[in-house]
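Comments concern the structure below.
The values are calculated or read from the model by the stated rules, or taken from the named source; none is laboratory data. No experiment lies behind these values; they were computed from the predicted model shown. As a convention, Cβ positions derive from the backbone with ideal geometry for all residues, glycine included, and neighbour counts pool all protein chains shown.
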Amino acid sequence: MPGSLDLETRKITRLALLGSDYRGVNPELLCQAGDEVRAGSAVMRDARRPAIQVVAPRSGIVSKVERGPRRKLVALHIDVDDSLVEREFTRPASQEKEAQREFMLKTGTWSSLRTRPFGNIPDPAAEPAALFITALDAEPLAPPPAPIIEAFAPEFSAAVNALACISSAPFYLCHAPDYKPAFDPASGAISQVFDGGSSAGLPGVHIQALCPIGFAGGEVWHIGYQEVIALGHLLLHGKPWLQRVISLGGEAVDNPRCLQVSVGAAIDDLLAGEICDGPLQLRAGSAIYGRPLDPGQAWLAAGQRQLTVTRRAADEAPAEDPGVGALIPGDWLEALAPPGVFPVPLLRALQLGDAERARELGALELVEEDLAALSSACVSNSDYGRLLRRVLDQLEAAR
Amino acid sequence: MSILNRTGDGRRRILKIQLLSLLPVTLAAIFNSGYQYLNGLAAGPGDDLRSQLAMGLASSLDDPGLYDYFAVGLSQLLPMLLLALLVGGVWERIIAERCHRPIEPGFVLIALLFTLLLPGAASFTHIIFGMTCAILLGKGIFGGDGKSFLSPALLGVAIVQVSFGGASGTHPLWNGVAGYAGSDAFALYHRGGEAALAQADINLWSAFFGAIPGPLGTTSLLAVALGAAVLLLTRVIAWRLLAAQVIGLIVIATLVNWMGAETGIGSMPAYWHLLLGSFAFGAVFLGCDPVASACTNPGRWIQGFLIAALVMLIRVANPIHPDAVIPALLLASILAPLIDHAVIAWSIKQRARRHV
């Protein structure tokens, strides 16, 4: 029975799909402001590869299309209206690779796959060198994956079977030592235990350990466990899973707990009546690897599982920008670096914009989240996530 | 971790931790220099500024108490430290104005480290010259704090030792004490072995607590260990680098002992190598300087063993530099980028083997 998870479901009235979540696609809108959309129906697709579609997470009415500089899509706003029924899908006709891929593309679940390097949505015709399911979450205050996967065990297992069909590459299921999700061994998935601190749940860590990316132009794909459940839900029930589980945590939250909410929910709606007064710091993600958010206009990003709200000392709130300074290569950076990466040489290469050196040091296995902890611990005030993306963009253009 | 995250200026926090870690050493330096000065005073005080200050502040010279040691030590250390701060501050101000950047408070740490590495007899000319070199050559021309590849204080002391023949640790330790020909404890051992130490009333415990003659801040292993604990707990310095230096020194000193030297430094056991001379101080506060050392973990092990090997090589083979810590650290600092380069090149090769 889907939704047997014993968690509070938060009603929301508005949500948004963020253009920044769909890296590597050039979104072409399939709807306009005022259109009715049904959950599961496509709202945008890639202009270059129209097979890649993004679907509405809930039924409702498109209220606004927000565009930024150079008409780049910032967000597609939807006012939720649950009187519209969600779209239904038929199961893929066969276990063939093409049929499974087409099903994922049609239902929009393809867009929850991500590549490394670069963190893009993979090309529908490409072949990965390996496929990873991230079935653990080691970050502080993260929602525990075990009860969620248990509640959706049939969906999870069905999706593992389906994902095994989309490529013939090694297929790893990464999980914590204390919980191994049940799946059909016939799928060929290889279960891998990851342990060791809050970085153990990062896909970058798994990829570095099992299938490091180097110079030959290969890429690996990864997908989060909740997106796997969403795929299984479509396979078993023919209807999209409307909710995701996120955790609301941090010292400034009155009642920290896990919630079921829609993809893209407005963060202000989620936090209403939940947090205490005073200057606060919002983070999408955990206190270590999370991305700081500006209060006000913020929405849950695709694949986001955590919202952390911490207090900020009043005098630090308007701290003047001290400017980018020298990197002090202290020992404290070592513990925060992704395994197998020399933090100081990599950070120096990123500061210099030395794409070649950064690639040699393993930048291709990383995306912004892997360096968030280093950015906040380094005294140079550099945003290494942004510097890494600059380098990755150069490397991607050169491919 | 919480002390080092971005809330607030992280560089200032690190500086505060480094200054805090030097507090025990500074206190030990004050008491010990007072103690050593008063011990050597039998021949009568001199008439330089530091001696006059000491005479004025001390209450009884014949039967000195804690206050007297403190006051006399302060009158030795404070004029040197103030002068070093003044010189460093003036140069820092000039550089900051020329480069249109704010004054970096790092010169305070440099001045303190520099002063603690000098003997009490260091002349004011040496301090002015050394601090000028430290700020200009060790920091200014590289662009400021954290951008150099050498520890500025180390560079300043090294230049003083090279430029002024008598300044490298063999010269008399106290200006104000006429006729006092004592030199630091390491040189004593160099000349006469354990017998000379016993004659100067130096045993393992007095060496551990730091009541031995030597450069101001480097005598007390206990104080250095307290400072190292602060730096290690806050992870400002890398434990691997420190461990490599200490292990390296113990291993190599034991090996040298085995090889069967009968007298001199070759027969000096490892614990005396740690207790005498400025190895402990140099290893913690200069060798482990995060900016001036290797920044990869394998590189840290290599650099640590290199420092230990160089110290032992110079101590055993070169009687001109009995202590040998300053030149060894300087050489190792200069080699650190090369070590890192080799480690990274090796790691890239390893990585290239197993990529997709």
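Quick notes
- Against the conditions (1) surrounded by fewer than 19 Cβ atoms within 10 Å (Cβ to Cβ); (2) in contact with a Phe, Trp or Tyr (Cβ under 9 Å, 6 or more places away or on another chain), A:ARG101 satisfies every one except (1).
- Qualifying residue in the range A:64-85 (condition: in a loop (DSSP other than H, G, I, E, B) and crowded, with 16+ Cβ neighbours inside 10 Å): yes
- Scanning the range A:114-134 for residues that are closer than 24 Å to B:ARG354 by Cβ and within 15 Å of the chain's Cα centre (by Cα) yields a count of 11.
- Some residue of the range B:199-213 being over 30 Å from B:LEU78 (Cβ atoms) and in contact (Cβ under 8 Å) with a residue 24 or more places away in the chain: yes
- Within the range A:33-76, the set of residues being of a type in the set (Asp, Glu) and under 16 Å from A:SER112 (Cα atoms) comprises A:ASP46 only.
- Long-range neighbours under 6 Å by Cβ, at least six apart or interchain, first residue assigned to a loop (DSSP other than H, G, I, E, B) within the range A:25-42, second surrounded by 16 or more Cβ atoms within 10 Å (Cβ to Cβ) and of a type in the set (Lys, Arg): A:ARG38/A:ARG87; A:ALA39/A:ARG58; A:GLY40/A:ARG87; A:SER41/A:ARG87
- From A:PRO147, A:PRO117, A:PRO140, residue being surrounded by fewer than 23 Cβ atoms within 10 Å (Cβ to Cβ), within 14 Å of chain B (Cβ to nearest Cβ) and within 23 Å of A:LEU307 (Cα to Cα): A:PRO140
- Some residue of the range B:324-342 being at pLDDT below 90 and touching a Lys or Arg at 6+ places or on another chain (Cβ under 7 Å): yes
- Considering (1) at pLDDT 90 or above; (2) within 30 Å of A:GLY34 (Cβ to Cβ); (3) among the β-branched types (Val, Ile, Thr), the lone condition that A:VAL85 does not fulfil carries the number (1).
- For the range A:350-375, the set of residues classified as more than 18 Å from the chain's Cα centre (by Cα), within 22 Å of B:ARG11 (Cβ to Cβ) and touching a residue at least 40 places away in the same chain (Cβ under 8 Å) consists of A:LEU350, A:LEU374, listed by residue number.
- Test: residue in the range A:148-163 that is in a loop (DSSP other than H, G, I, E, B) and under 20 Å from the mean Cα position of the chain (by Cα): yes
- Only listed residue being surrounded by 15 or more Cβ atoms within 10 Å (Cβ to Cβ), among the hydrophobic types (A, V, I, L, M, F, W, C) and either over 19 Å from A:TYR22 (Cα atoms) or over 19 Å from the mean Cα position of the chain (by Cα) (or both), chosen from A:LEU270, A:LEU293: A:LEU270
- Those residues of the range A:365-399 which are within 14 Å of chain B (Cβ to nearest Cβ) and acidic (Asp, Glu), in sequence order: A:GLU365, A:ASP383
- Residue match in the range A:96-105 (condition: within 18 Å of the chain's Cα centre (by Cα) and not in a strand (DSSP E or B)): yes
- Within the range B:327-356, residues that are facing chain A (nearest Cβ under 9 Å) and surrounded by fewer than 16 Cβ atoms within 10 Å (Cβ to Cβ) have Cβ atoms under 8 Å from residues that are part of a loop (DSSP other than H, G, I, E, B) and small (Gly, Ala, Ser) in these pairs: B:ALA352/A:GLY214; B:ARG354/A:GLY214, counting only partners at least 6 apart in sequence or on another chain.
- Taking the numbered list (1) touching a residue at least 60 places away in the same chain (Cβ under 8 Å); (2) within 22 Å of B:VAL160 (Cβ to Cβ); (3) crowded, with 17+ Cβ neighbours inside 10 Å in turn, B:PHE129 passes all entries but (1).
- The set of residues in the range A:372-399 that are under 20 Å from A:ALA326 (Cβ atoms) and either in the same structural domain as A:ARG116 (by TED's automatic domain parsing) or basic (Lys, Arg) (or both) comprises A:ARG386, A:ARG390.
- Selection from the range A:346-363 of residues that are within 11 Å of another protein chain (Cβ to nearest Cβ), crowded, with 24+ Cβ neighbours inside 10 Å and assigned to a helix (DSSP H, G or I): A:LEU346, A:LEU347
- Residues that are without any contact (Cβ under 8 Å) to a residue 40 or more places away in the chain and more than 24 Å from A:ALA99 (Cα to Cα), drawn from the range A:145-178: A:ALA146, A:GLU150, A:PRO177, A:ASP178
- When B:GLY282, B:GLY304 are checked against the criterion of being assigned to a helix (DSSP H, G or I) and either farther than 30 Å from B:GLY106 by Cα or within 14 Å of chain A (Cβ to nearest Cβ) (or both), a single residue qualifies: B:GLY304.
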